[in-house]
């Protein structure tokens with residue numbers, strides 16, 4: 001019996017061997033593929049998308065390297081470019097189901113409304129994304145329907161960049177942080193000479209000026225660009241006053257005529273860089289990029305105030321701090337935990353902070369901001385001081401823009417142009433603005 | 001059997017044999033020819049159906065909806081079309097800009113191309129080199145780099161302002177002035193005369209030399225030969241170029257997009273039709289509205305092309321009608 005069993009065992013063993021060889025050979029042949037498969041599962045990929053200038057591109061690419069070194073096997077695919085067309089491309093990617101995992105978003109309204117962006121509240125509650133050192137008031141501005149969809153990837157405020165060389169040559173003092181609109185107008189006029197303008201205009205053909213700048217003035221009177229219901233938050237009187245203030249400066253030669261302003265396609269071609277103006281209003285977060293384009297020393301000043309001013313008068317401080325840009329996660333991100341880890345990394349990691357410095361404005365975490373402040377350039381020091389001044393003086397309150405906000409902003413830009421190119425009177429422009437804004441907002 | 005089967009036909013005459021033999025062949029051959037034809041056609045045909053015909057039909061449906069790209073479309077009937085013609089001043093501006101552009105840029109481009117073709121249709125040394133040089137702008141013309149170059153040339157301190165300044169015309173910045181920005185784009189289009197020029201050149205080469213010889217003997221001068229031989233003989237080519245130009249210039253997009261930073265400014269003076277379609281569709285998320293605009297543009301181009309064809313029998317002379 002034993003023999004029989006042995007024989008059978010031997011027989012089956014022999015049969016098995018034949019089979020084993022085949023199976024073994026097959027397994028051998030497939031094994032590289034299998035390991036390939038398992039490798040591919042370990043090696044995650046993540047797509048990160050942003051807009052910016054060269055300085056920001058370089059720093060963000062270095063940031064990606066650092067994050068990858070902390071997560072072996074992870075590959076982050078960067079997708080970056082300039083601001084013009086960025087949102088159009090991103091929206092199309094979302095529509096096609098092909099959007100990046102983590103990204104800057106210029107106009108989050110429609111994406112949030114259609115549920116394409118991830119609410120971060122769970123990650124914040126779990127501490128995966130630590131916002132304990134971030135500015136509460138700015139975090140509040142990024143909430144939609146009580147949910148936190150993004151965290152600020154840098155803080156900024158509307159500000160004026162000042163060309164110190166021109167001030168020195170003209171023997172005009174650099175204004176204090178608390179300057180009024182009256183003082184602004186006076187400085188702009190005193191710096192002007194034929195072919196040169198004291199200040200750039202408040203609108204630009206590209207970018208996001210005009211409505212955002214108007215909001216600084218509106219806030220002096222406890223008003224906002226929009227009402228919480230998504231209607232226009234101001235009246236014809238304020239807009240008339242605003243247009244008139246700028247029109248008078250334009251006629252006095254203190255800000256450039258329309259065709260000079262329309263030449264600006266981005267801060268790279270702004271009048272302060274092309275040598276046409278000494279003061280330039282824009283978001284403070286571009287400080288280091290802007291300084292890189294001119295040999296003249298630049299400093300930063302907050303927007304002027306209407307308190308104690310006769311022009312654009314108001315009874316509270318209008319300027320305010322916002323996030324220069326925000327970081328969002330795609331609701332369909334491949335690995336949401338990893339994406340959240342990346343968000344936390346850009347917000348709180350000290351090493352990351354030393355790479356980013358001020359590439360997106362003042363770091364949102366106050367701890368991180370203090371840590372990197374000694375390492376930054378003079379213009380960035382001046383930017384940090386300005387943002388701090390504005391944060392200390394800003395009045396509370398904030399109304400988020402509705403999803404058609406940027407469309408209204410474009411309308412405002414065209415209205416500014418109608419006045420600047422003298423195509424329509426201020427009165428007609430104002431009434432047309434309200435007509436068309438009403439149509440856009442439905 | 002096989003032999004017997006084939007021996008059925010030899011009973012007929014030689015002629016009918018060849019016919020009978022050819023018939024099955026003829027029936028088989030076209031079939032397989034067609035199959036191969038369709039096979040080779042397939043990549044294009046599939047591309048046409050999937051990427052052109054399909055989306056075109058979908059856009060017709062979308063033009064009757066409110067569609068923001070991200071949420072499902074909502075049927076609104078003819079609302080988009082009604083809004084376009086009754087409540088959208090920017091649409092009217094886009095039509096004005098586009099028609100101005102088409103009716104100036106297209107004819108100017110053709111005249112310029114014809115003049116250069118006449119110049120380059122001579123036998124001088126290195127003519128091939130000159131032809132190549134004059135064609136280069138067309139290779140570059142639609143590109144982003146050229147649009148940026150244009151911005152510099154017609155900008156505030158650009159070459160054009162400086163040259164005009166030398167002659168005492170102290171102008172402004174051409175690209176950023178609402179009155180002149182469109183004209184810089186017309187000039188840009190005219191500058192891209194190359195492809196029309198090449199077609200004209202080919203047309204000029206086709207005109208039989210004996211016509212000129214006969215005319216010269218009859219005492220016709222250069223001007224007469226141009227008006228009575230060159231131009232009439234060239235009308236089919238002019239017609240072809242004209243149709244192409246109408247279609248192309250209605251669809252102009254890139255230069256305006258680059259020069260105005262995607263906004264059609266200053267003050268909507270370069271708001272081309274296609275640019276407005278883009279702004280509404282991809283910037284403002286009104287894809288239904290943009291689709292309606294796309295269909296109207298299709299009709300406009302169709303009408304103008306049809307007009308060109310209808311008019312052609314009055315002014316286009318084909319060779320065989322000689």
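The values are calculated or read from the model by the stated rules, or taken from the named source; none is laboratory data. Computed from a prediction, not measured in an experiment: that's the story for all the values here. Cβ atoms come from the backbone with ideal geometry, glycine included; neighbour counts cover every protein chain shown.
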Tell me which residues, restricted to segment A:222-245, are surrounded by fewer than 16 Cβ atoms within 10 Å (Cβ to Cβ) and under 27 Å from residue A:144 (Cα atoms). A:222, A:227, A:228, A:229, A:231, A:235
Here is a list: B:244, B:298. Which entry is within 18 Å of the chain's Cα centre (by Cα), away from chain A (no Cβ under 14 Å) and within 23 Å of residue A:95 (Cβ to Cβ)? B:298
Condition met for residue A:73 (more than 14 Å from every other protein chain (Cβ to nearest Cβ), surrounded by fewer than 15 Cβ atoms within 10 Å (Cβ to Cβ) and at pLDDT 85 or above): yes
For segment A:148-168, give me the residue count where each residue is over 19 Å from the mean Cα position of the chain (by Cα) and either surrounded by fewer than 21 Cβ atoms within 10 Å (Cβ to Cβ) or in a loop (DSSP other than H, G, I, E, B) (or both). 4
Go through (1) surrounded by 16 or more Cβ atoms within 10 Å (Cβ to Cβ); (2) in the same structural domain as residue B:268 (by TED's automatic domain parsing); (3) within 30 Å of residue A:92 (Cα to Cα) for residue B:89 and report which single condition fails. (1)
With respect to the numbered conditions (1) surrounded by 13 or more Cβ atoms within 10 Å (Cβ to Cβ); (2) closer than 28 Å to residue B:266 by Cβ, which one is the sole condition not fulfilled by residue B:110? (2)
Restricting the search to segment A:357-375, which residues are surrounded by fewer than 21 Cβ atoms within 10 Å (Cβ to Cβ) and either over 20 Å from the mean Cα position of the chain (by Cα) or more than 25 Å from residue A:121 (Cα to Cα) (or both)? A:357, A:367, A:370, A:371, A:372, A:373, A:374, A:375
I need the full set of residues from segment A:411-437 which are within 11 Å of chain B (Cβ to nearest Cβ), part of a helix (DSSP H, G or I) and surrounded by fewer than 18 Cβ atoms within 10 Å (Cβ to Cβ), in order please. A:432, A:435
Among the residues of segment B:117-140, are any at pLDDT 90 or above, away from chain A (no Cβ under 14 Å), in contact with a helix residue (DSSP H, G or I) (Cβ under 6 Å, 6 or more places away or on another chain) and buried (at least 20 other Cβ atoms within 10 Å of the Cβ)? yes
Yes/no for residue B:241 being part of a helix (DSSP H, G or I) and over 30 Å from residue B:60 (Cβ atoms): yes
Residues located in segment A:153-166, provided they are farther than 30 Å from residue A:106 by Cα and touching a strand residue (DSSP E or B) at 6+ places or on another chain (Cβ under 7 Å): A:164, A:166
Where residues in segment A:90-146 are away from every other protein chain (no Cβ under 14 Å), free of Cβ contacts under 8 Å to residues at least 12 places away in the same chain and part of a helix (DSSP H, G or I), which of them is surrounded by the most Cβ atoms within 10 Å (Cβ to Cβ)? A:122
Candidate set from segment B:84-106 (those that are part of a helix (DSSP H, G or I) and without any contact (Cβ under 8 Å) to a residue 60 or more places away in the chain); member that is nearest to the other protein chains (Cβ to nearest Cβ): B:89
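Would you kindly identify the helices (runs of 4 or more DSSP H) lying entirely within segment B:248-322 that contain at least 3 residues that are closer than 29 Å to residue A:257 by Cα?
On the way: elements: B:254-259, B:273-278, B:287-315.
Once the helices (runs of 4 or more DSSP H) in segment B:248-322 are filtered for at least 3 residues that are closer than 29 Å to residue A:257 by Cα, what remains is B:254-259, B:273-278.
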Report yes if some residue within segment B:211-226 is touching a helix residue (DSSP H, G or I) at 6+ places or on another chain (Cβ under 6 Å) and under 30 Å from residue B:148 (Cβ atoms); otherwise report no. no
Checking B:214, B:181, B:196 in turn, the sole residue that is surrounded by fewer than 17 Cβ atoms within 10 Å (Cβ to Cβ) and assigned by TED's automatic domain parsing to the domain that holds residue B:131 turns out to be B:214
For the structure I just gave you, tell me whether residue B:260 is surrounded by 17 or more Cβ atoms within 10 Å (Cβ to Cβ) and within 13 Å of chain A (Cβ to nearest Cβ). yes
Could you tell me which numbered condition residue B:33 fails, if it satisfies all but one of (1) modelled with pLDDT of 90 or more; (2) outside the structural domain of residue B:275 (by TED's automatic domain parsing)? (1)
Going through segment A:294-331 in order, the residues found to be over 20 Å from the mean Cα position of the chain (by Cα), closer than 23 Å to residue A:135 by Cβ and assigned to a strand (DSSP E or B) are A:305
Residue by residue through segment A:207-240, note down the ones that are more than 26 Å from residue A:403 (Cβ to Cβ) and in contact with a helix residue (DSSP H, G or I) (Cβ under 8 Å, 6 or more places away or on another chain). A:240
Can residue A:406 be described as part of a helix (DSSP H, G or I), within 14 Å of chain B (Cβ to nearest Cβ), surrounded by fewer than 20 Cβ atoms within 10 Å (Cβ to Cβ) and under 18 Å from the mean Cα position of the chain (by Cα)? yes
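Looking only at residues in segment A:269-293 that are part of a loop (DSSP other than H, G, I, E, B) and within 12 Å of chain B (Cβ to nearest Cβ), which one is nearest to the chain's Cα centre (by Cα)? Can you show your working first?
Restricting attention to segment A:269-293, the residues satisfying the condition of being part of a loop (DSSP other than H, G, I, E, B) are A:270-276, A:292-293.
Narrowing the set further to residues that are within 12 Å of chain B (Cβ to nearest Cβ) leaves A:271, A:274-276.
On the way: A:271: 22, A:274: 24, A:275: 26, A:276: 27 Å.
By that ranking, first place goes to A:271.
Within 21 Å of residue B:267 (Cβ to Cβ), surrounded by 14 or more Cβ atoms within 10 Å (Cβ to Cβ) and either within 14 Å of chain A (Cβ to nearest Cβ) or in contact with a strand residue (DSSP E or B) (Cβ under 8 Å, 6 or more places away or on another chain) (or both): does that describe residue B:79? Walk me through it before giving the result.
Values: within 21 Å of residue B:267 (Cβ to Cβ): no; surrounded by 14 or more Cβ atoms within 10 Å (Cβ to Cβ): yes; either within 14 Å of chain A (Cβ to nearest Cβ) or in contact with a strand residue (DSSP E or B) (Cβ under 8 Å, 6 or more places away or on another chain) (or both): yes.
When the stated conditions are applied, residue B:79 does not pass them.
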Matching residues, segment A:246-268, being buried (at least 23 other Cβ atoms within 10 Å of the Cβ), away from every other protein chain (no Cβ under 12 Å) and part of a loop (DSSP other than H, G, I, E, B): A:254, A:255
Quick check on segment B:60-76: of everything there that is buried (at least 17 other Cβ atoms within 10 Å of the Cβ) and away from chain A (no Cβ under 14 Å), which residue is nearest to residue B:289 (Cα to Cα)? B:63
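Yes or no, residue by residue, for (1) assigned by TED's automatic domain parsing to the domain that holds residue A:120; (2) touching a strand residue (DSSP E or B) at 6+ places or on another chain (Cβ under 6 Å); (3) within 30 Å of residue B:269 (Cβ to Cβ); (4) at pLDDT below 90:
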residue	(1), (2), (3), (4)
A:351	yes, no, no, no
A:367	no, no, no, yes
A:374	no, no, no, yes
A:405	no, no, yes, yes
A:415	no, no, yes, no
A:426	no, no, yes, no
